[in-house]
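Everything below concerns the one structure shown next.
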Amino acid sequence: MTTETGQFERLFSPLQIGPMRVPNRICETTNTIGAGRLAGVPDATFTAHHLAKAQGGTGWIGNETWLLNSPLPNESADEFFPGAGATRFPIYMLPNFAEEVSRFCEAIHATGAVVVFQLTQLNFTVAASSVPIVEAYDWVPHALTEDEIEAAIDTYAMAAGQCAAAGVDGIEIHCTHESLPQTFLSPALNRRADRWGGDAVGRTLFVRRTLERVRERIGTSTALGIRVGAEEAREGGYSLWDMREMVTHIAATGTLDFLDVDVGHSWGRQPYVPPSFIGHAENRDAAKALRADVAPVPVLFSGRVNDPVVAEDLLAKGFCDLVGMTRAGIADPDFPTKAREGRLGEIRRCIGCNRCIGDAVTNDAPDMFKRAVCSVNPAVGNEALHATLMRPAQTPKRVVVVGGGAAGLEAARNAAGRGHDVVLLERTEALGGQVRLASRIPGRDSFEDFILYEENQMRLLGVDVRFGVDVDAGSVLAFEPDAIVCATGSVPRTPDTPGVDAADVVQGWEVLAGTAGEIGERVAVVSQEDHYETPGIASFLAAADRRVEIFHKWTGIGSRVERYSIGPILRRLEEGGVVVHTGLRLARVEDGKLELVSAHTGEPRLAGGFDTVVLVYGSVPDTRVHDGLREAGFGGRLFLAGSAWVPRLLAEATQHGARVGLEV
Ligand SMILES: Cc1cc2nc3c(=O)[nH]c(=O)nc-3n(C[C@H](O)[C@H](O)[C@H](O)COP(=O)(O)O)c2cc1C
Ligand code: SF4
């Protein structure tokens with residue numbers, strides 16, 4: 001297909017993969033985001049989520065994984081862990097599952113895209129050997145017997161048969177991310193002395209047998225491939241060279257139609273869902289090497305490719321044949337169409353915050369309350385509802401939005417998109433609010449992409465943005481609005497601890513904003529916050545050559561940061577020499593001396609010699625404008641949105657703002 005601008009010729013060219021013709025090179029690799037109302041079932045909300053990507057131009061829809069039935073003894077308990085499970089009764093065995101998959105495939109096929117389902121044995125109860133998967137779970141798994149290995153291989157063949165019968169175009173065997181096949185491939189995890197272990201030939205036997213048995217079951221009318229991590233990135237794990245040898249043996253079976261490559265695992269220093277702290281397409285060389293080994297089998301590469309320009313470059317330079325752009329499509333399912341039409345400034349890029357994967361694997365809300373979520377795309381998980389609500393306003397209104405942070409911008413964007421006449425009043429000289437502050441943290445410059453997107457949207461939608469206006473109720477009412485959205489954000493929380501009003505005690509947000517004044521050489525960061533702010537501010541200070549010590553209220557910093565991002569953040573702190581003290585609360589501060597209390601014993605502790613003390617205590621809503629408007633008896637619709645209602649995370653602010661814009 002040619003593009004309207006001629007810019008992305010390779011990205012939009014079709015590719016024949018065995019029996020499957022992919023209309024372009026843009027792939028949604030498997031992402032178990034939990035879009036269905038019941039985990040893993042391709043129901044209406046699941047379909048709406050993945051269909052949005054196909055309709056937006058993604059050619060390969062990988063959707064969500066099929067967790068297979070584990071080879072457990074009948075008497076053992078089913079066990080579920082974050083993002084994995086050991087069960088004899090998986091979702092795909094539910095009645096009607098096959099019909100739902102067929103309906104899903106029909107919906108995707110109607111767009112011209114193909115459907116690839118991943119089959120996975122992902123549990124930490126059974127493995128090639130009794131070796132714990134370091135960083136994942138510390139228990140020692142049961143080493144599979146010959147019979148159990150055969151039973152496990154059969155589960156792939158059985159599920160693959162069901163996939164093929166339901167109309168799936170491609171099947172991928174999940175051989176990385178701590179899945180069962182990876183425990184066979186890994187020299188660190190596979191210590192078997194029988195034919196399933198040993199050298200590269202032995203360690204690939206499980207994968208080779210699985211491919212052969214699946215192929216026997218599905219024949220040649222469905223494409224078949226594997227997903228491997230190009231290197232194991234853990235102590236004693238396989239290197240790229242080892243994997244090159246292993247894929248050569250696997251490809252020699254003649255069963256492979258495609259090879260899907262990424263790098264990393266679910267925990268630790270090299271996550272396979274790379275957060276913004278990791279470079280774009282950082283591991284592309286590994287994909288190129290494996291591509292040479294398995295040629296002419298096409299190679300799919302993923303790993304923080306959020307931009308069509310980068311994707312085209314990867315194809316042009318021979319790193320891969322297909323590009324995984326999974327979170328790119330979560331953040332903006334229409335990005336392929338926008339790229340093809342040359343509307344690059346309209347693409348809402350994935351900022352690599354990893355809220356999506358974090359919630360998918362650690363959100364322990366019951367299924368019926370779970371929602372797929374994205375920080376920048378408020379429609380995720382509610383695609384059908386958003387499409388219904390995004391209708392032209394029956395009576396266009398004059399809407400004043402106060403505050404140009406995430407919630408205000410989304411309120412303005414959605415209201416203007418529906419035809420309302422929108423004025424946005426921003427107190428400072430720039431849009432973005434807290435997102436702009438977050439973008440100052442090392443490795444978080446990607447957050448600026450969200451602001452750029454919103455700035456472009458304001459321009460395209462004709463929102464009247466006014467900067468430097470510090471409003472009160474009277475000045476807002478002077479616009480004669482029909483509706484007002486107060487998205488005035490929040491301000492840093494200051495505790496009533498003695499001494500915090502001294503000049504050498506500043507707020508973390510002031511440090512990021514550059515308004516804290518002179519920051520001395522030795523800095524104490526006092527933290528009552530469990531997400532990104534504490535490590536982010538500490539790494540900002542460490543990058544500015546300050547000697548930083550964190551005093552945190554509880555057992556460890558960043559406890560709410562998901563497992564794919566915490567490693568790269570802690571790495572920055574370690575490299576920056578940041579010292580972390582835990583279980584301490586501030587009781588008093590004076591002249592760079594901290595009087596602390598142990599959270600566990602109540603005993604006093606002392607620390608001193610600091611030039612600057614930085615407080616990170618979360619924030620409190622700023623409702624002044626809203627309160628004034630209520631007092632003034634404003635008769636139109638008055639909304640309080642985002643942090644001004646209650647300070648939360650970015651996804652909650654964008655969703656709240658967007659829903660206000662859709663309601664107004
Ligand atoms: C919410 C979410 C769930 C994921 N689940 C899976 C999975 O079940 N199997 C898998 O192989 N990869 C999974 N991934 C990894 C993606 O397939 C992809 O490799 C990763 O997001 C990096 O690519 P990207 O930078 O294009 O997003 C998941 C990713 C996300 C964001
Ligand atoms: S939640 Fe964050 S990482 Fe996930 S798709 Fe959205 S912007 Fe990207």
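The values are calculated or read from the model by the stated rules, or taken from the named source; none is laboratory data. Since the model is a prediction, treat every value here as computed from it, not as a measurement. Using ideal geometry, Cβ is built from the backbone for each residue, glycine included, and neighbour counts are taken over all protein chains shown.
Looking only at segment 322-352, count how many residues are among the charged types (D, E, K, R), buried (at least 23 other Cβ atoms within 10 Å of the Cβ) and closer than 29 Å to residue 290 by Cα.
Going through segment 322-352 one residue at a time, the tally reaches 1.
Scan segment 320-328 and give yes if some residue there is modelled with pLDDT under 95 and more than 11 Å from ligand 1 (Cβ to nearest atom), otherwise no.
No, segment 320-328 contains no residue that is modelled with pLDDT under 95 and more than 11 Å from ligand 1 (Cβ to nearest atom).
Output the number of residues of segment 615-664 satisfying the condition of being among the hydrophobic types (A, V, I, L, M, F, W, C) and touching a Cys at 6+ places or on another chain (Cβ under 6 Å).
Step one: filter segment 615-664 for residues among the hydrophobic types (A, V, I, L, M, F, W, C), giving 615-616, 620, 625, 629, 632, 634, 638-641, 644-646, 649-651, 653, 658, 660, 662, 664.
Retained after the next criterion (residues that are touching a Cys at 6+ places or on another chain (Cβ under 6 Å)): 625, 640, 644.
The qualifying residues number 3.
Of the numbered conditions (1) within 19 Å of the chain's Cα centre (by Cα); (2) surrounded by fewer than 24 Cβ atoms within 10 Å (Cβ to Cβ); (3) at pLDDT 95 or above, residue 18 satisfies every one except a single condition; which is it?
(1)
Out of segment 599-620, which residues are part of a strand (DSSP E or B) and either touching a residue at least 60 places away in the same chain (Cβ under 8 Å) or surrounded by 19 or more Cβ atoms within 10 Å (Cβ to Cβ) (or both)?
Across segment 599-620, the qualifying residues are 607, 612, 613, 614, 615, 616, 619, 620.
Could you tell me whether residue 333 is in the same structural domain as residue 232 (by TED's automatic domain parsing), outside any helix (DSSP H, G or I) and modelled with pLDDT of 95 or more? Before the answer, list the steps.
Working: in the same structural domain as residue 232 (by TED's automatic domain parsing): yes; outside any helix (DSSP H, G or I): yes; modelled with pLDDT of 95 or more: yes.
Criteria met by residue 333.
Scanning segment 63-103 for residues that are hydrophobic (A, V, I, L, M, F, W, C) and in a strand (DSSP E or B), which turns out farthest from residue 176 (Cα to Cα)?
Here the answer is 80.
So, of the residues in segment 651-664 that are hydrophobic (A, V, I, L, M, F, W, C) and surrounded by fewer than 24 Cβ atoms within 10 Å (Cβ to Cβ), which turns out to be modelled with the lowest pLDDT?
To start, the set of residues in segment 651-664 that are hydrophobic (A, V, I, L, M, F, W, C) comprises 651, 653, 658, 660, 662, 664.
Restricting the remaining residues to those that are surrounded by fewer than 24 Cβ atoms within 10 Å (Cβ to Cβ) gives 651, 662, 664.
Numbers: 651: 97, 662: 97, 664: 94.
Top of the filtered list is 664.
Does segment 343-352 include one or more residues that are more than 16 Å from residue 58 (Cβ to Cβ) and within 16 Å of ligand 1 (Cβ to nearest atom)?
yes
Anything in segment 147-167 that is of a type outside the set (Gly, Ala, Ser) and within 16 Å of residue 67 (Cα to Cα)? List them, or say none.
Listed by number, the residues that qualify are 153, 154, 155, 156, 158, 162, 163.
Tally up the residues in segment 115-149 that are of a type in the set (D, E, K, R), within 18 Å of residue 209 (Cβ to Cβ) and touching a residue at least 40 places away in the same chain (Cβ under 8 Å), please. Full working, then the answer.
Initially, segment 115-149 is screened for residues of a type in the set (D, E, K, R), giving 135, 138, 146-148.
From what is left, the residues that are within 18 Å of residue 209 (Cβ to Cβ) are 146-148.
Retained after the next criterion (residues that are touching a residue at least 40 places away in the same chain (Cβ under 8 Å)): 146, 148.
Matching residues across segment 115-149 total 2.
Take residue 342 and decide whether it is assigned to a loop (DSSP other than H, G, I, E, B), more than 23 Å from residue 641 (Cα to Cα), more than 16 Å from ligand 2 (Cβ to nearest atom) and modelled with pLDDT of 95 or more.
On the way: assigned to a loop (DSSP other than H, G, I, E, B): yes; more than 23 Å from residue 641 (Cα to Cα): yes; more than 16 Å from ligand 2 (Cβ to nearest atom): yes; modelled with pLDDT of 95 or more: yes.
Judged against the criteria, residue 342 is a match.
From the list 35, 48, pick out the single residue that is assigned to a helix (DSSP H, G or I) and of a type in the set (A, V, I, L, M).
On inspection, the qualifying residue turns out to be 48.
Going through 538, 524, 487 one at a time, which residue ends up being small (Gly, Ala, Ser), crowded, with 22+ Cβ neighbours inside 10 Å and assigned by TED's automatic domain parsing to the domain that holds residue 630? Talk me through it step by step, then tell me what you get.
Values: 538 fails: assigned by TED's automatic domain parsing to the domain that holds residue 630; 524 fails: assigned by TED's automatic domain parsing to the domain that holds residue 630.
From the options 538, 524, 487, the qualifying one is 487.
Can you give me the number of residues within segment 374-390 that are within 16 Å of ligand 2 (Cβ to nearest atom) and either in a helix (DSSP H, G or I) or at pLDDT below 95 (or both)?
Summing the residues that are within 16 Å of ligand 2 (Cβ to nearest atom) and either in a helix (DSSP H, G or I) or at pLDDT below 95 (or both) in segment 374-390 gives 4.
Take segment 189-223 and flag every residue that is surrounded by 17 or more Cβ atoms within 10 Å (Cβ to Cβ) and over 29 Å from residue 165 (Cα atoms).
Within segment 189-223, 189, 190, 192, 196, 197, 200, 202, 203 meet the criteria.
Could you tell me which numbered condition residue 327 fails, if it satisfies all but one of (1) within 16 Å of ligand 2 (Cβ to nearest atom); (2) part of a helix (DSSP H, G or I); (3) without any contact (Cβ under 8 Å) to a residue 40 or more places away in the chain?
Exception for residue 327: condition (3).
Can you tell me which residues in segment 125-157 are of a type in the set (A, V, I, L, M, F, W, C), assigned to a loop (DSSP other than H, G, I, E, B) and under 19 Å from residue 76 (Cα atoms)? Even if it seems obvious, please write down each step before you answer.
Going through segment 125-157, the residues of a type in the set (A, V, I, L, M, F, W, C) turn out to be 126-128, 131, 133-134, 136, 139-140, 143-144, 149, 151-153, 157.
Then drop every residue that is not assigned to a loop (DSSP other than H, G, I, E, B), which leaves 128, 131, 133-134, 136, 139-140, 144.
The answer is 128, 139, 140, 144.
Go through segment 295-322 and give me each residue that's over 16 Å from residue 16 (Cβ atoms), more than 16 Å from ligand 2 (Cβ to nearest atom) and of a type in the set (A, V, I, L, M).
The answer is 309, 314, 316.
Take the residues in segment 224-273 that are β-branched (Val, Ile, Thr) and more than 12 Å from residue 290 (Cβ to Cβ), then tell me which one is surrounded by the fewest Cβ atoms within 10 Å (Cβ to Cβ).
Across segment 224-273, the extreme among qualifying residues is 253.
Where residues in segment 106-123 are touching a strand residue (DSSP E or B) at 6+ places or on another chain (Cβ under 9 Å) and surrounded by fewer than 21 Cβ atoms within 10 Å (Cβ to Cβ), which of them is nearest to residue 175 (Cα to Cα)? Let's see the steps before the verdict.
Step one: list which residues in segment 106-123 are touching a strand residue (DSSP E or B) at 6+ places or on another chain (Cβ under 9 Å), which gives 108-109, 111, 113-123.
From the residues that got through so far, the ones that are surrounded by fewer than 21 Cβ atoms within 10 Å (Cβ to Cβ) too are 109, 111.
On the way: 109: 27, 111: 29 Å.
Filtering first and then ranking leaves 109.
Restricting to segment 569-598, name every residue that is crowded, with 20+ Cβ neighbours inside 10 Å and more than 15 Å from residue 617 (Cβ to Cβ).
Within segment 569-598, 569, 570, 572, 573, 578, 580 meet the criteria.
Go through segment 490-515 and report how many residues are more than 15 Å from residue 436 (Cα to Cα), surrounded by 17 or more Cβ atoms within 10 Å (Cβ to Cβ) and hydrophobic (A, V, I, L, M, F, W, C).
3
Take the residues in segment 170-188 that are over 14 Å from residue 237 (Cα atoms) and in contact with an Asp or Glu (Cβ under 8 Å, 6 or more places away or on another chain), then tell me which one is surrounded by the fewest Cβ atoms within 10 Å (Cβ to Cβ).
In this case the residue turns out to be 172.
For residue 96, work out the one condition from (1) buried (at least 17 other Cβ atoms within 10 Å of the Cβ); (2) at positive phi it doesn't fulfil.
That leaves (1) as the condition not met.
So is residue 291 more than 12 Å from ligand 2 (Cβ to nearest atom) and within 14 Å of residue 57 (Cβ to Cβ) or not?
No; evaluated as a whole, the condition is false for this residue.
Quick one: in segment 147-169, which of the residues that are among the acidic types (Asp, Glu) and either at pLDDT below 95 or touching a Lys or Arg at 6+ places or on another chain (Cβ under 9 Å) (or both) is surrounded by the fewest Cβ atoms within 10 Å (Cβ to Cβ)? Let's see the steps before the verdict.
As a first pass, look at segment 147-169 and keep what is among the acidic types (Asp, Glu): 147-148, 150, 154, 169.
Keeping just the survivors that are either at pLDDT below 95 or touching a Lys or Arg at 6+ places or on another chain (Cβ under 9 Å) (or both) gives 150, 154, 169.
Working: 150: 13, 154: 16, 169: 25.
Step by step, filter segment 147-169, then rank; the result is 150.
Which of the following residues is small (Gly, Ala, Ser) and outside the structural domain of residue 590 (by TED's automatic domain parsing): 478, 503, 516, 543?
478 is the lone residue from the list that is small (Gly, Ala, Ser) and outside the structural domain of residue 590 (by TED's automatic domain parsing).
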